[in-house]
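Input: a single structure, listed below in structure tokens.
The values are calculated or read from the model by the stated rules, or taken from the named source; none is laboratory data. Predicted model, so just to flag it, every value in this text is computed and none were measured. Note that each Cβ is placed from the backbone with ideal geometry, even for glycine, and that neighbours are counted across all protein chains shown. To get the accessible areas, we keep the full protein, side chains included, count just its heavy atoms, and leave off ligands, DNA and RNA. Shrake-Rupley method; radii C 1.70, N 1.55, O 1.52, S 1.80 Å.
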Amino acid sequence: FKSPNCVSVGTTIALKALDDAFGLQKVSVCTFQSLSGRGDAMYPPELVTGNIFPVWNTKERTEVFIGNEICALINLAPTNLSVRAHRVGVHIGHFVDVRVTVRCPELLTSVDAVYCAFESFAPLAELYGAEMPSLPRHPIKVIREAGAPRPATHHMEYGGMQVAVGNVKLDDGGWELCFSLVVNNMVRGAYGAALLLAEYHLYLRNHPE
């Protein structure tokens with residue numbers, strides 16, 4: 001089973017929740033990706049340890065992968081998505097800054113309305129448990145405290161299978177909504193995504209109706 005890029009896995013979960021609630025129009029994604037996502041093996045230590053390394057125009061094609069996969073997974077036109085990716089001196093957990101404009105801005109009544117959209121997003125909740133034992137009932141963990149989410153603190157929500165989302169802000173310049181997320185690139189962003197695909201495949205095979 002093949003799964004998307006680790007950033008794509010976490011970011012599209014949060015974007016899908018917003019798309020269902022408010023409709024997505026334009027999206028900007030800026031990543032700060034940990035070294036355990038190949039960065040420690042790909043670059044000399046002096047470039048990435050205690051540093052920030054922009055990956056555009058390097059041998060790493062992460063920005064291209066993320067852009068292609070987000071557009072495919074949430075049905076967003078490439079002209080409506082901007083992606084910038086960086087490697088940072090963090091051991092595990094990718095941090096992503098996301099900014100969006102929505103199709104129904106009148107529904108963005110408060111920050112709490114956004115948090116509620118994240119918290120209520122549970123598209124496969126009926127399969128939680130025996131059908132898909134690795135699935136969190138809610139794939140998004142909302143962190144409402146200031147200064148969060150943080151990679152070192154929030155990368156192990158539900159054993160790393162939940163995406164931690166917080167830092168919500170409304171009306172930031174030309175963007176109607178901003179938020180931050182942390183995805184465990186080793187768990188949910190890597191083997192966990194493939195594992196869930198395998199479990200869902202078995203469920204569909206056993207329930208052809």
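Which residue pairs have Cβ atoms under 7 Å apart, sit 6 or more places apart or on different chains, and have a first residue in region 44-70 that is without any contact (Cβ under 8 Å) to a residue 60 or more places away in the chain and a second that is of a type in the set (D, E, K, R) and not in a strand (DSSP E or B)?
V55/E63; W56/E63
Just checking, how many residues over region 1-23 are surrounded by fewer than 21 Cβ atoms within 10 Å (Cβ to Cβ) and in contact with a Lys or Arg (Cβ under 7 Å, 6 or more places away or on another chain)?
So the answer is 1.
Looking at region 96-190, what strands (runs of 3 or more DSSP E) fall wholly within it and have at least 3 residues that are more than 27 Å from L202 (Cα to Cα) and under 14 Å from the mean Cα position of the chain (by Cα)? Break it down stepwise before answering.
Values: elements: 140-143, 163-172, 175-183.
In region 96-190, the matching strands (runs of 3 or more DSSP E) lie at 163-172, 175-183.
Residues E199, E131, E157, E145: which one is loosely packed, with under 15 Cβ neighbours inside 10 Å and of a type in the set (D, E)? Even if it seems obvious, please write down each step before you answer.
Working: E199 fails: loosely packed, with under 15 Cβ neighbours inside 10 Å; E131 fails: loosely packed, with under 15 Cβ neighbours inside 10 Å; E157 fails: loosely packed, with under 15 Cβ neighbours inside 10 Å.
Going through E199, E131, E157, E145 in turn, just one is loosely packed, with under 15 Cβ neighbours inside 10 Å and of a type in the set (D, E): E145.
Output the residues belonging to region 124-154 that are more than 17 Å from V182 (Cβ to Cβ) and free of Cβ contacts under 8 Å to residues at least 24 places away in the same chain. Let's see the steps before the verdict.
So the first thing to find is which residues in region 124-154 are more than 17 Å from V182 (Cβ to Cβ), and the list is 124-135, 137.
The answer is A125, E126, Y128, G129, A130, R137.
Please name all residue pairs, on different chains or six or more residues apart, with Cβ atoms under 6 Å, provided the first residue is in region 31-43 and is open to solvent by 20 Å² or more (accessible area, probe 1.4 Å) and the second residue is part of a strand (DSSP E or B) and at pLDDT 70 or above.
These pairs meet every condition: F32/H86; F32/V88; F32/F95.
List, please: which pairs have Cβ atoms under 7 Å, are six or more places apart or on different chains, and start with a residue in region 1-23 that is on the phi > 0 side of the Ramachandran plot and end with one that is of a type in the set (D, E, K, R)?
Taking only residues 6 or more apart or on different chains, the pairs are G23/R103.
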